[in-house]
Amino acid sequence: MEKLRKFKALITAYLDQREKELLQEIQLNQDRDLAALQKLQTSAKNIKSDLNKALTNLKIHEDNSNDLFLATRRAQSLVNKLQSALQDITSKTKYQEYDLQRDPLVVTLLKNKEGMAQLVASSGMGTYLCCKIKTLPTQILQ
């Protein structure tokens, strides 16, 4: 019985360690994805603020055609830069999907009717100690 308990404890410890490693890997992936998402959000906010500044600058120079022309040229170059930045953000919004795949060996072990071990007769022969039992315990009788 003790061998079976030790073997079960070994299996449990192994499975617990693998679970811990998988959870750490999942957490690492989540942290990496969250950092990338925050970076993209910051980039998008910067693009929005640059665009708002350009629009404000155009509104300021609305009355003066020369200044409006210069502001428009600056805004056009800014819009081109912002479009490339948006394309960069769009290309980085793709993320890796993960799926947990069960280990086929563990699945086979779980499907096995014999469980984690089987009882095999050893080559040695044991002897029974003979003794007389005067009364049976009440637990056995019930």
Under Karplus coefficients 6.51, -1.76 and 1.60, residue-wise ³J(HN,Hα) of the stretch 26-40 in Hz, glycine/proline x | 4, 5, 4, 5, 5, 5, 5, 5, 5, 5, 5, 5, 5, 5, 5
Using a cut-off of 27 Å between alpha-carbon atoms, which lysines can reach LYS53, once sequence neighbours fewer than 8 places away in the same chain are excluded?
-> LYS39, LYS45, LYS81, LYS92
Points 7 angstrom from Cα along the Cβ direction at THR56 and GLN30: gap in nanometres?
-> 3.9 nm
Per-residue ³J(HN,Hα) for the stretch 9-24, Karplus 6.51 cos²θ - 1.76 cosθ + 1.60, θ = phi - 60°, Hz, x for Gly and Pro = 5, 5, 5, 4, 4, 5, 5, 5, 5, 5, 4, 4, 5, 5, 5, 5
Could you work out how far apart the two model spin labels at LYS113 and LYS39 are, taking each label as a point 7 Å from the Cα in the direction of the beta carbon, and quote it in nm?
-> 5.6 nm
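Bear in mind these aren't lab numbers, they're just calculated from the coordinates by the rules spelled out. In this text the structure is predicted, and so the values were computed from the model without any measurement. All Cβ positions, glycine included, derive from the backbone under ideal geometry; neighbour counts span all protein chains shown.
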